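A.B. asks: What follows is a single structure, and I will ask about it in a moment.
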Amino acid sequence: MTRIVHYINQFFAGVGAEDAASIPPACAAGPVGPGRRLAALLSPEHEIVATVWCGDDHATTPGAVDEILDLIRAAQPDLVLAGPAFTSGRYGLACARVTVAAGDAGILALAAMHEDNPGVDEAGAIPVVASGPSARHMGPSLERLAAAARKLASREPLTGEDGRINRPARRAVLVDRAGAERAVDLVLARLGGDQAATEIPLLRFQPVSPAAPVDPAAAAVALLTEGGLVPDGNPDRLESARATRWLRYPLPTGGELAAGDYCSIHGGFSTVWANEDPHRILPLDVATDLEREGAVARLHPEYLVTTGNGTSVGNARRFGVEWAAELRRAGIQAVILTST
Amino acid sequence: MRDDPPPGLTRIVHRVDTVALGDETQYDAGVLTVSASEAETVMTDPALGEVRVSWVSAGEPARIVKILDAVEPRAKGLGGGGIFPGILGPAKPQGHGETHVLQGAVVVAAGFLPRAQEAVADLSGPAAALSPLGSAHNLVVEFSPAPGASWEAVEAALRRGLCRLAAWLASAALDAPPDAVEALPGPAWQAGDGLPRVGAVTNIQTQGSYKDTFVYGQSFGLSLPTLMDPNELEDGAVTSGQYGHPALKNPTFLYQNHPVVAALRDRDGRDLRFAGLVVCPEPVEQGRKELISEHAARLCAAAGLDAAVVTKEGGGNADADMALKMDALEALGIPAVGLFAEMAGADGTGPPVVVAPTRATAMASTGNYDQVVSLPAVGRAVGGHRVDLVDRPATAPLELPTAALYCALSPLGWGRLTCQETV
């Protein structure tokens, strides 16, 4: 028998709606709310031994996931199921973070939510299966979650056919044959007519639609760069490759980045020319001229910087979201983002 | 009938089973003894200060850090012309005659150079299988710059010195009876027997000082793609001065022992005809990338290739060269298979390829750049006292991304890593 702990939010636990969104995590034996139907679908081979819930707001506070995980571990589960969270953003994020924490603790885990839920991006290597957009779709969503849970419990991989909506993690393994030999195998497969032979499934990046034009003369403009330009000495230790962070620094009021005051720590190109004249990375000189001429309304007094060198797409996407939020708060209408 | 001997190269292999430091440098029945003082004299250069050599061998609880380049000891037999043409002698076309190889020994430079990125190899434990140095006897050269020498001069001195040391070591075996004699015919330049003609297209990194590659001793940065006899590689016609991208490096050792060339040779005459090698620079400007890619594809078409294996050196920027070249080949009707290291994030869920081809679809994987590997503590480390990337002592247990392990993701396909989907 597989021991299952089911994670849900305060609403589905019947504790309350938005007014109860701040309640701390709690636990009860056996299934609760939608877990009763789920338990029926999974029995008798698999049993929901406990249900853990938490208020959606509380679940996003620091340390909350650890509290939730402590309650989950106390029930000694073999498998953690979370959701379905439908399109509820906070609930979806909580389901993702709780299942990721369970996975890190060595417990099998699975979440269910709608493909538009932001929690899908946070689930990392944890499988997420699709649910409908709202609780009106509870029945079929639970059936899909139960079927996926059965498969996962028997350690079978979950694919798109199971309703999986995030990509499975790819892990490095040592095989018998060298890469060069496997490449020649692929050549011979292609020449033999196998058009589909590959070891790496081809992915298409989502195209980014350009934003609508703005009137620069009326726009507050910020300078951004992924060129790793930081104050000399790199006081905050921005990474030279595989950046996980971005930083914010004030721009000098004189409109000039003096050589020696700034340096690029980017690991992907020779930084000699950037250090000789930091404006080659961050064009504050020209931007200041444009501001003086009235070609742009005003310059943002800070610049944002990271290092774009082997940075994961996940982190890059997060930087983009955080930068957009930060700049929107600061009333910025346009940015010049220099790429190296 | 032709009177001259068929083109080709004879590889005379001397296996190195045991190594030692001693008073004299000699090779006898698998035992390679090196005089440290003689070796250090061979490395002498006005741009280098102190030079130290030491052996670090497979199976030892040891680690090499700050690895710059690795070279296999090779020397030409009588009448064979010069090894490392353009570096140790005149830049005359090579790839014929006899070449002596000290197999199992590698000459390695380790230390600081500008723009070099921390490269680590373990000689035992789980990471030993991920680097060609992990199963070899490595004569590691550590150095300090001469006072007042420019880093450019230090780099050039190391590069020349390493080739000189490799040639000098191999010359100790010139008179020894070989363990193996391998005939390497030249490529099948002409069509004929109905087998598909397959070539190797090898992109090499050319991004200026410390990230450059040399063909017949000259920087390859401004060249157009060139069709070569793969046997030219055997004699050191391509040497590395590229110290970035530790796991994605093509060291001189792997040009001398080009894995795709070896794999194509292995199946030559059975499943395919090995039809030659095209080496291409990896320029940094998009326009040059497009020019080089289309030129390479034309060259492959002119050489009558039916298919090609395309490889790269370096990270994301180099993926663009791969994608353009594979697509340019496919556009001319030449199926192209690429070797890619995946950059899928530490948890393996990110998009694996930075710039994917749009026409070509066949890719072999050499592992995941971001996946973390745990290295146990070691008894000694050579090449430096610390691993700067993680700011830890060089002998400490380390958690490193695969990207920092020397040649672990070899774009030339040396390694046995691939990626598979998990539950």
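A.B. asks: Might you check whether a residue that is in contact (Cβ under 8 Å) with a residue 24 or more places away in the chain, crowded, with 20+ Cβ neighbours inside 10 Å and in contact with a strand residue (DSSP E or B) (Cβ under 6 Å, 6 or more places away or on another chain) occurs anywhere in region B:282-289?
C.D. replies: yes
A.B. asks: While we're here: Return yes when B:A170 is within 14 Å of another protein chain (Cβ to nearest Cβ) and of a type in the set (G, A, S) and no when it is not. Don't jump to the end; show me each part of the working.
C.D. replies: Numbers: within 14 Å of another protein chain (Cβ to nearest Cβ): no; of a type in the set (G, A, S): yes.
When the stated conditions are applied, B:A170 does not pass them.
A.B. asks: Identify the single condition in (1) part of a loop (DSSP other than H, G, I, E, B); (2) over 30 Å from A:G179 (Cα atoms) that A:F269 does not satisfy, given that it satisfies every other one.
C.D. replies: Here A:F269 meets the rest and fails (2).
A.B. asks: What single numbered condition from (1) surrounded by 24 or more Cβ atoms within 10 Å (Cβ to Cβ); (2) part of a helix (DSSP H, G or I); (3) not aromatic (F, W, Y) fails to hold for A:A146?
C.D. replies: That leaves (1) as the condition not met.
A.B. asks: Does A:V208 satisfy being within 10 Å of chain B (Cβ to nearest Cβ) and of a type in the set (A, V, I, L, M, F, W, C)? Break it down stepwise before answering.
C.D. replies: Details: within 10 Å of chain B (Cβ to nearest Cβ): no; of a type in the set (A, V, I, L, M, F, W, C): yes.
For A:V208, the condition - within 10 Å of chain B (Cβ to nearest Cβ) and of a type in the set (A, V, I, L, M, F, W, C) - is not met.
A.B. asks: Does any residue of region A:235-250 turn out to be free of Cβ contacts under 8 Å to residues at least 24 places away in the same chain, assigned by TED's automatic domain parsing to the domain that holds A:A330 and on the phi < 0 side of the Ramachandran plot? Explain how you work it out, then say what you get.
C.D. replies: Residues of region A:235-250 free of Cβ contacts under 8 Å to residues at least 24 places away in the same chain: A:235-237.
Imposing the further condition that a residue be assigned by TED's automatic domain parsing to the domain that holds A:A330 reduces the set to A:235-237.
Those still in the list that are on the phi < 0 side of the Ramachandran plot too: A:235-236.
Yes - at least one qualifying residue is present in region A:235-250.
A.B. asks: Quick one: which strands (runs of 3 or more DSSP E) sit completely within region B:15-109 and have at least 1 residues that are within 23 Å of B:E155 (Cα to Cα)? Even if it seems obvious, please write down each step before you answer.
C.D. replies: Working: elements: B:18-21, B:26-28, B:31-34, B:48-57, B:62-64, B:67-71, B:74-76, B:97-103.
Here the list reads B:48-57, B:62-64, B:67-71, B:74-76.
A.B. asks: Can you confirm whether A:P31 is at pLDDT 95 or above, assigned to a loop (DSSP other than H, G, I, E, B) and over 21 Å from A:L142 (Cα atoms)?
C.D. replies: Values: at pLDDT 95 or above: yes; assigned to a loop (DSSP other than H, G, I, E, B): yes; over 21 Å from A:L142 (Cα atoms): no.
Answer is no for this residue.
A.B. asks: Next up: Just one of A:G160, A:G193 is out of contact with any Leu (no Cβ under 6 Å at 6 or more places or on another chain), within 13 Å of another protein chain (Cβ to nearest Cβ), surrounded by fewer than 17 Cβ atoms within 10 Å (Cβ to Cβ) and over 30 Å from A:A40 (Cβ atoms); which is it? Outline the logic, then answer.
C.D. replies: Values: A:G160 fails: over 30 Å from A:A40 (Cβ atoms).
Criteria check complete, one pass: A:G193.
A.B. asks: Anything in region B:188-220 that is away from chain A (no Cβ under 14 Å), part of a loop (DSSP other than H, G, I, E, B) and not charged (D, E, K, R)? List them, or say none.
C.D. replies: B:A188, B:W189, B:Q190, B:A191, B:G192, B:Y216, B:G217, B:F220
A.B. asks: Taking strands (runs of 3 or more DSSP E) that fall entirely within region B:369-423, which contain at least 2 residues that are touching a residue at least 40 places away in the same chain (Cβ under 8 Å), within 10 Å of chain A (Cβ to nearest Cβ) and over 20 Å from A:E239 (Cβ atoms)?
C.D. replies: Working: elements: B:372-375, B:380-382, B:398-401, B:417-421.
Correct list: B:417-421.
Conditions (1) closer than 15 Å to B:L248 by Cα; (2) assigned to a helix (DSSP H, G or I); (3) within 11 Å of chain A (Cβ to nearest Cβ), marked per residue:
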site	(1), (2), (3)
B:E313	yes, no, no
B:D321	yes, yes, no
B:E330	no, yes, yes
B:V337	no, no, yes
B:V353	yes, no, yes
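A.B. asks: Within region B:1-17, is even one residue surrounded by fewer than 17 Cβ atoms within 10 Å (Cβ to Cβ), without any contact (Cβ under 8 Å) to a residue 12 or more places away in the chain and hydrophobic (A, V, I, L, M, F, W, C)?
C.D. replies: Yes, some residue in region B:1-17 is surrounded by fewer than 17 Cβ atoms within 10 Å (Cβ to Cβ), without any contact (Cβ under 8 Å) to a residue 12 or more places away in the chain and hydrophobic (A, V, I, L, M, F, W, C).
A.B. asks: Of the residues B:S223, B:S240, only one is away from every other protein chain (no Cβ under 14 Å), surrounded by fewer than 20 Cβ atoms within 10 Å (Cβ to Cβ), touching a Pro at 6+ places or on another chain (Cβ under 8 Å) and in contact (Cβ under 8 Å) with a residue 40 or more places away in the chain; which? Reasoning before the result, please.
C.D. replies: Numbers: B:S240 fails: surrounded by fewer than 20 Cβ atoms within 10 Å (Cβ to Cβ).
Sole residue among the options that is away from every other protein chain (no Cβ under 14 Å), surrounded by fewer than 20 Cβ atoms within 10 Å (Cβ to Cβ), touching a Pro at 6+ places or on another chain (Cβ under 8 Å) and in contact (Cβ under 8 Å) with a residue 40 or more places away in the chain: B:S223.
A.B. asks: So is B:P185 more than 14 Å from chain A (Cβ to nearest Cβ), closer than 18 Å to B:L277 by Cα and surrounded by fewer than 24 Cβ atoms within 10 Å (Cβ to Cβ) or not?
C.D. replies: Values: more than 14 Å from chain A (Cβ to nearest Cβ): yes; closer than 18 Å to B:L277 by Cα: yes; surrounded by fewer than 24 Cβ atoms within 10 Å (Cβ to Cβ): yes.
So B:P185 fits the description; yes.
A.B. asks: On the basis of being modelled with pLDDT of 95 or more and outside any loop (DSSP other than H, G, I, E, B), does B:L224 make the cut? Break it down into steps so the answer makes sense when it comes.
C.D. replies: On the way: modelled with pLDDT of 95 or more: yes; outside any loop (DSSP other than H, G, I, E, B): no.
The answer is no for B:L224.
Every residue, every condition in (1) surrounded by fewer than 21 Cβ atoms within 10 Å (Cβ to Cβ); (2) at pLDDT 95 or above; (3) farther than 24 Å from A:E326 by Cβ, yes or no:
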{"site": "A:S209", "(1), (2), (3)": "yes, no, no"}
{"site": "A:G227", "(1), (2), (3)": "no, yes, no"}
{"site": "A:G233", "(1), (2), (3)": "yes, no, yes"}
{"site": "A:R237", "(1), (2), (3)": "yes, no, no"}
{"site": "A:R245", "(1), (2), (3)": "yes, no, no"}
{"site": "A:P250", "(1), (2), (3)": "yes, yes, no"}
{"site": "A:T253", "(1), (2), (3)": "yes, no, no"}
{"site": "A:G268", "(1), (2), (3)": "no, no, yes"}
{"site": "A:W273", "(1), (2), (3)": "yes, no, yes"}
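A.B. asks: Of all the residues that make up region B:98-152, how many are out of contact with any Lys or Arg (no Cβ under 9 Å at 6 or more places or on another chain), more than 28 Å from B:P376 (Cβ to Cβ) and buried (at least 20 other Cβ atoms within 10 Å of the Cβ)?
C.D. replies: Looking only at that region, the number is 1.
A.B. asks: I've got another one for you. Considering only region B:186-199, state which residues are within 17 Å of B:V260 (Cβ to Cβ) and in contact with a Gly (Cβ under 6 Å, 6 or more places away or on another chain). Let's see the steps before the verdict.
C.D. replies: Residues of region B:186-199 within 17 Å of B:V260 (Cβ to Cβ): B:186-188, B:196-199.
Across region B:186-199, the qualifying residues are B:G186, B:P187, B:R197, B:G199.
A.B. asks: Filter region A:126-155 for residues that are within 16 Å of A:E45 (Cα to Cα) and either within 14 Å of chain B (Cβ to nearest Cβ) or touching a Phe, Trp or Tyr at 6+ places or on another chain (Cβ under 6 Å) (or both) and give the result. So that I can check it myself, show each step before the final result.
C.D. replies: Step one: filter region A:126-155 for residues within 16 Å of A:E45 (Cα to Cα), giving A:143, A:145-155.
A:A148, A:A149, A:R150, A:K151, A:L152, A:A153, A:S154, A:R155, listed by residue number.
A.B. asks: Next question. Which ones in region A:82-128 are touching a Gly at 6+ places or on another chain (Cβ under 7 Å), within 20 Å of A:G33 (Cβ to Cβ) and assigned to a helix (DSSP H, G or I)?
C.D. replies: A:G92, A:L93, A:C95, A:A96, A:G119
The values are calculated or read from the model by the stated rules, or taken from the named source; none is laboratory data. Everything quoted here is computed from the prediction, not taken from an experiment. A quick note on method: Cβ atoms are made from the backbone with ideal geometry, for glycine too, and the neighbour counts reach across all protein chains shown.
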